[in-house]
1. Can you tell me which of (1) closer than 28 Å to residue 200 by Cβ; (2) at pLDDT 90 or above is the one residue 105 doesn't meet?
2. Which condition breaks for residue 132 when tested against (1) under 19 Å from the mean Cα position of the chain (by Cα); (2) surrounded by fewer than 21 Cβ atoms within 10 Å (Cβ to Cβ)?
3. Select, from 181, 175, the only residue that is modelled with pLDDT of 95 or more and among the aromatic types (Phe, Trp, Tyr).
4. With respect to residue 145, is the statement that it is in contact with a strand residue (DSSP E or B) (Cβ under 6 Å, 6 or more places away or on another chain) and either more than 20 Å from residue 3 (Cα to Cα) or in contact (Cβ under 8 Å) with a residue 24 or more places away in the chain (or both) true?
5. What's the total number of residues in the range 200-237 that are open to solvent by 40 Å² or more (accessible area, probe 1.4 Å), assigned to a helix (DSSP H, G or I) and farther than 19 Å from residue 170 by Cβ?
6. Please find, within the range 164-188, the residue that is surrounded by the most Cβ atoms within 10 Å (Cβ to Cβ) out of those that are under 17 Å from the mean Cα position of the chain (by Cα), of a type in the set (Gly, Ala, Ser) and outside any loop (DSSP other than H, G, I, E, B).
7. Please go through (1) open to solvent by 80 Å² or more (accessible area, probe 1.4 Å); (2) in contact (Cβ under 8 Å) with a residue 40 or more places away in the chain; (3) in contact with a strand residue (DSSP E or B) (Cβ under 8 Å, 6 or more places away or on another chain); (4) in a loop (DSSP other than H, G, I, E, B) for residue 197 and return the number of the only condition it doesn't satisfy.
Amino acid sequence: MARKFLLCFHDFSVWNYQKVTPILEELKDLAGGPFSVLVIPDTEKAPSDMVKGYRETLLKLKADEFELALHGYKHQAEFSQGRSYMGLIGMNLTGGEAEFAGLSEFESSRLLHAGIDAWKSLFDSDAKPTAFIPPTWYSNKYLPSQVHAEKMLYEERFALVTAKGKRYASPVASFAGIPQFLVKAAFKFGAFTLKFPFGLPRIALHPVDFPTHADKIHDLIRTALNSGRRLSQYKDL
């Protein structure tokens, strides 16, 4: 059986979809097929015309067989009572983007379902996303079981866990939010995981990666394909 890899584009939102969509199409042509797009569902403060365009774009991506996964709720944390000390550290390290970090059981559930409800409002459907990826991968001890109860795959920083509990080791190459002097090492690490004969490596891309790292990202995708790996999606696991 062919070895696999995941190509995951994070942080697709109502605020950036017009700029990011052409990048997705370019990457689709390079990778040889559609891949996973991680959707931020909140549109609360966006103008109605942008929301309409965002919804239409999401439906088109879905029709073109891109896999749409749920990426938190707002990807920017609001004040939450009972956030743990470690959660506060995660918040500090990520500029407030780790909205699920260290939450209590109640707050974690509330925020997860706020994300699901916002997702449904975008698609006018009861259909749930295949996977849930907490923003920045910072989490809390309750979130994985809450996600699995909603029959979604849960993504950790270095592993994927299906709704049925099957676990895949999954090293990730990601370049956003790291110091410039570490970027070269991150690309080398990504190339190594893609050539390594085991595991299910991920390439995690973000809007801020483009155009700065576009050429290196293209090379990394070529490395995956030339190493005998096949592009896959969460739903295939």
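1. Answer for residue 105: the failing condition is (1).
2. Unmet for residue 132, out of (1) under 19 Å from the mean Cα position of the chain (by Cα); (2) surrounded by fewer than 21 Cβ atoms within 10 Å (Cβ to Cβ): (2).
3. Details: 181 fails: modelled with pLDDT of 95 or more.
Unique residue meeting the criteria: 175.
4. Working: in contact with a strand residue (DSSP E or B) (Cβ under 6 Å, 6 or more places away or on another chain): no; either more than 20 Å from residue 3 (Cα to Cα) or in contact (Cβ under 8 Å) with a residue 24 or more places away in the chain (or both): yes.
So residue 145 fails the test.
5. So the first thing to find is which residues in the range 200-237 are open to solvent by 40 Å² or more (accessible area, probe 1.4 Å), and the list is 208, 211-212, 215-216, 219, 222, 225-226, 228, 230, 235-237.
Checking which are assigned to a helix (DSSP H, G or I) leaves us with 208, 215-216, 219, 222, 225-226, 235-236.
From the residues that got through so far, the ones that are farther than 19 Å from residue 170 by Cβ too are 208, 215-216, 219, 222, 226.
Of the residues in that region, 6 qualify.
6. Filtering first and then ranking leaves 173.
7. Only one criterion in (1) open to solvent by 80 Å² or more (accessible area, probe 1.4 Å); (2) in contact (Cβ under 8 Å) with a residue 40 or more places away in the chain; (3) in contact with a strand residue (DSSP E or B) (Cβ under 8 Å, 6 or more places away or on another chain); (4) in a loop (DSSP other than H, G, I, E, B) is unmet by residue 197, namely (1).
The values are calculated or read from the model by the stated rules, or taken from the named source; none is laboratory data. All values derive from a computational prediction rather than experimental measurement. All Cβ positions, glycine included, derive from the backbone under ideal geometry; neighbour counts span all protein chains shown. When the accessible area is computed, the model is the full protein with side chains, heavy atoms only, and any ligands, DNA or RNA have been set aside. Shrake-Rupley method; radii C 1.70, N 1.55, O 1.52, S 1.80 Å.
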